[in-house]
Every structure is written in structure tokens, then in C-alpha cells.
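The values are calculated or read from the model by the stated rules, or taken from the named source; none is laboratory data. These numbers come from a predicted model, not from an experiment. Every residue, glycine among them, receives a Cβ derived from its backbone with ideal geometry; neighbour counts consider all protein chains shown. For accessibility, only protein heavy atoms count, side chains too; no ligands or nucleic acids. Shrake-Rupley method; radii C 1.70, N 1.55, O 1.52, S 1.80 Å.
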Amino acid sequence: EDPASPSWRAHRKHVFVLSSAGKPIFSRFGDESKLAGLAGVLQALISVVQSNGDEIQNARVGNHNIVFLVRGPLYLVAASCCGDTVAYLSAQMHMLH
């Protein structure tokens, strides 16, 4: 699936693994090669927060909870609009790692 497609956007939960260089490694839905732009944005967001001496853990965007887990050169990100709590998504990211 292409991230611009309605079917990709219809999924209520997404999980991404990307490198610290912003290269997509894994996506629950869609083709990693088509997610380069999104992975770059996620990597840039994480990097900007890190450059300020902090670590991004979660964000709320509309009705989506987004959780970030940084483990060395791997960035794990979950985005959910199905009512999953930040704690639940964080636990899932820890288990995925």
C-alpha cells in the first residue's frame, strides 16, 4: 500500500521502525520503500527534540496517540486512533524491540 492511498490511511494503528538515518526498516502496513518521506519526517522530529537535550516520548495529534521509542540506532514509532493509551502503545514498542 502507498501511504497516500485511502486504504493505508484507513488503518487505525501503524507501527514503524526506522534507522537513526531516517531509513524505513519496517512498517505494519504499506511498502517501506514508499514510506521514505514519512520516515524522514519522523527522524527529523526525533532529532530536533534530541538536539535540545530531550527525548520525545509521545505526542497527541488530533485523535491519534503517537509513541516514540529510541533504542540506539533504531527508532520505533506507533500511531493509533483506536483508543490505545500511551502506556499501552509504549509497552507494545518495548515488546517489539
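Summary of values
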{"read-out": "Scope the range 1-22; condition open to solvent by less than 60 Å² (accessible area, probe 1.4 Å) and not polar (S, T, N, Q); matching residues", "value": "Pro3, Trp8, His11, Lys13, His14, Val15, Phe16, Val17, Leu18, Gly22"}
{"read-out": "Single residue of the range 62-76 satisfying the filter (under 19 Å from Ala10 (Cβ atoms) and touching a strand residue (DSSP E or B) at 6+ places or on another chain (Cβ under 8 Å)) that is surrounded by the most Cβ atoms within 10 Å (Cβ to Cβ)", "value": "Asn65"}
{"read-out": "Candidate set: the range 28-76, residues that are of a type in the set (S, T, N, Q) and not in a strand (DSSP E or B); chosen: the one modelled with the lowest pLDDT", "value": "Ser33"}
{"read-out": "Filter result (open to solvent by 80 Å² or more (accessible area, probe 1.4 Å) and either of a type in the set (D, E, K, R) or under 21 Å from Gln92 (Cα atoms) (or both)) within the range 46-60", "value": "Asp54, Glu55, Gln57, Arg60"}
{"read-out": "Odd one out for Ile25, checked against (1) touching a residue at least 24 places away in the same chain (Cβ under 8 Å); (2) open to solvent by 30 Å² or more (accessible area, probe 1.4 Å); (3) of a type in the set (Val, Ile, Thr); (4) part of a helix (DSSP H, G or I)", "value": "(4)"}
{"read-out": "Number of the condition not met by Leu96 [criteria: (1) in contact with a Lys or Arg (Cβ under 8 Å, 6 or more places away or on another chain); (2) hydrophobic (A, V, I, L, M, F, W, C); (3) open to solvent by 30 Å² or more (accessible area, probe 1.4 Å)]", "value": "(1)"}
{"read-out": "When residues of the range 77-88 are limited to those that are assigned to a loop (DSSP other than H, G, I, E, B) and not hydrophobic (A, V, I, L, M, F, W, C), the one surrounded by the fewest Cβ atoms within 10 Å (Cβ to Cβ)", "value": "Gly83"}
{"read-out": "Residue among Gln57, Gln43 that alone is of a type in the set (S, T, N, Q) and either farther than 22 Å from Trp8 by Cα or more than 15 Å from the chain's Cα centre (by Cα) (or both)", "value": "Gln57"}
{"read-out": "Any chance Lys34 is touching a residue at least 24 places away in the same chain (Cβ under 8 Å) and open to solvent by 30 Å² or more (accessible area, probe 1.4 Å)", "value": "yes"}
{"read-out": "Tabulated pairs, the range 69-97, first over 17 Å from Ile46 (Cα atoms) and touching a residue at least 60 places away in the same chain (Cβ under 8 Å), second polar (S, T, N, Q) and assigned to a strand (DSSP E or B), C-beta under 8 angstrom, 6+ apart or interchain", "value": "Ser80/Asn65; Cys81/Asn65; Asp84/Asn65"}
